[in-house]
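The values are calculated or read from the model by the stated rules, or taken from the named source; none is laboratory data. Quick caveat, the model's predicted, so the values are computed rather than measured. Don't worry about glycine lacking a Cβ; one is built from the backbone with ideal geometry, like all the others, and counts go over all protein chains shown. SASA here: full protein model, heavy atoms, side chains in, ligands and nucleic acids out. Shrake-Rupley method; radii C 1.70, N 1.55, O 1.52, S 1.80 Å.
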Amino acid sequence: MEIITKINQWISDAKSDAQEARSEAELFDLEKKYLGRKNGLLTNVLKSIKELSDSEKKVVGPRANEVKKEILTIINNQRKQLQEKQSQSTKTIDVTLPGKKIVSGHLHPLTIVQNDIVDIFTRMGFDIADGPEVESEWYNFDAVNVPDNHPGRDMQDTFWLRAEKGKKQSLLRTQTSAVQVRYMEKHTPPFHVIVPGRIFRHEATDASHEHTFHQFEALMVGNDISVANCKHVVSVFFSQFFKKDVEIRLRPGFFPFVEPGFEFDISCTVCDAKGCSVCKQAGWLEIGGAGMVHQNVFGASGYEKGKYQGFAWGFGLERLAMMKYNIDDVRLFHSGDLRFINQFR
Ligand code: DAH
């Protein structure tokens with residue numbers, strides 16, 4: 001049958017056409033030529049089948065469909081090959097191009113300062129401890145001698161967490177002092193430990209107040225620890241931290257977990273105590289509270305009251321970072337502004 005010979009011939013025609021095609025567009029034209037809905041060679045054959053005799057129909061119909069499939073496979077295979085070739089050619093590397101700059105991460109300024117602090121105290125033989133940020137009312141307040149209704153609670157506005165029915169409410173710890181009793185429950189004096197950590201206060205924010213900030217707590221307990229030990233450790237620490245001599249000053253202050261309690265000042269390192277905008281012309285900067293650990297706190301830790309003495313302090317970390325790097329707004333630390341952060345690379 002003439003028509004069968006013709007359509008068989010199209011297979012080898014399509015094969016050589018496809019091999020010559022250099023682009024997907026050319027393959028598309030080829031597909032149109034044989035299989036296009038309008039005037040495709042095979043489409044036309046199939047359309048005109050009704051004009052054939054019954055016996056011809058039986059042969060031509062199935063064969064035309066087979067050929068259609070074969071040609072489609074030929075074209076698709078060629079398309080795949082073209083695509084592979086193309087992706088290989090884009091994979092070749094032009095070694096003369098300048099390299100892509102790899103942007104590496106770096107530590108946050110507060111982490112740098114915290115690491116510095118930890119280093120200095122580790123060299124002085126201090127242990128480093130931490131505790132949970134979601135804390136119980138007991139460790140954050142009661143255990144450190146701040147019972148319910150105590151005015152000391154008003155000093156620290158607290159983020160309370162919703163409690164399950166029948167369970168006690170937890171909170172976001174307002175002070176690293178929350179770790180004091182946790183640590184003492186597991187350790188027997190003498191010891192000296194530093195607790196750096198993040199704390200939270202439900203407060204309005206401004207250039208010197210944040211709702212989330214950091215402290216480092218110190219706790220040194222033994223049989224004959226005095227305020228003199230505290231002053232010495234603090235002055236050694238600050239001189240190493242700022243790499244120059246720093247004066248310290250204690251003023252009487254009230255904190256429920258210490259007796260006596262102090263406010264702790266250091267000489268302003270920005271102006272060398274001459275008076276500047278950072279220290280508001282005072283020459284001194286307040287860096288936190290300290291004192292001799294209240295015997296009630298030892299009691300809550302399971303120690304026999306009156307057996308030990310110790311000092312504790314809680315200093316703000318942001319303050320130190322701001323002085324060290326001359327930063328004038330505490331909110332920058334958590335702003336997520338990379339223009340600020342990237343200066344500490
Ligand atoms: N926890 C106090 C605060 O956040 C700071 C503090 C004061 C800690 C005196 C102490 C201390 O350990 O002895 O305001």
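Against the definition (surrounded by 17 or more Cβ atoms within 10 Å (Cβ to Cβ) and in the same structural domain as M184 (by TED's automatic domain parsing)), how does S226 come out, yes or no? Let's see the steps before the verdict.
Numbers: surrounded by 17 or more Cβ atoms within 10 Å (Cβ to Cβ): no; in the same structural domain as M184 (by TED's automatic domain parsing): yes.
No.
Return yes when N115 is closer than 21 Å to E185 by Cβ and either assigned by TED's automatic domain parsing to the domain that holds F241 or modelled with pLDDT of 95 or more (or both) and no when it is not.
Working: closer than 21 Å to E185 by Cβ: no; either assigned by TED's automatic domain parsing to the domain that holds F241 or modelled with pLDDT of 95 or more (or both): yes.
In short, no.
For segment 101-118, indicate whether the set of residues that are touching a residue at least 12 places away in the same chain (Cβ under 8 Å), open to solvent by 80 Å² or more (accessible area, probe 1.4 Å) and not in a helix (DSSP H, G or I) is non-empty. Show your work before the answer.
Pass one, segment 101-118, residues touching a residue at least 12 places away in the same chain (Cβ under 8 Å): 106-110, 112-114, 116-118.
Retained after the next criterion (residues that are open to solvent by 80 Å² or more (accessible area, probe 1.4 Å)): 107.
Among the residues that remain, those that are also not in a helix (DSSP H, G or I) are: 107.
Among the residues of segment 101-118, at least one is touching a residue at least 12 places away in the same chain (Cβ under 8 Å), open to solvent by 80 Å² or more (accessible area, probe 1.4 Å) and not in a helix (DSSP H, G or I), which makes the answer yes.
Just to verify a result, which residue in segment 257-276, among those that are modelled with pLDDT of 95 or more and either in contact with a His (Cβ under 6 Å, 6 or more places away or on another chain) or not in a strand (DSSP E or B) (or both), is least open to solvent (accessible area, probe 1.4 Å)?
Out of the qualifying residues, it is V258.
Take the residues in segment 277-312 that are over 15 Å from I248 (Cα atoms) and open to solvent by less than 20 Å² (accessible area, probe 1.4 Å); name whichever of them is nearest to the ligand (Cβ to nearest atom). Lay out the reasoning, then the answer.
Going through segment 277-312, the residues over 15 Å from I248 (Cα atoms) turn out to be 277-278, 280-281, 292-312.
Filter again for open to solvent by less than 20 Å² (accessible area, probe 1.4 Å), leaving 293, 297-298, 301, 310-312.
Numbers: V293: 7, V297: 9, F298: 13, S301: 14, G310: 10, F311: 7, A312: 3 Å.
Ranking the qualifying residues of segment 277-312, first place goes to A312.
Here are the criteria: (1) in a helix (DSSP H, G or I); (2) among the basic types (K, R); (3) modelled with pLDDT of 95 or more. Tell me which single one K324 does not satisfy.
Single failed check for K324: (3).
Please work out which one of (1) under 27 Å from S301 (Cβ atoms); (2) of a type outside the set (D, E); (3) free of Cβ contacts under 8 Å to residues at least 12 places away in the same chain is the condition A204 fails and give its number.
Failing condition for A204: (1).
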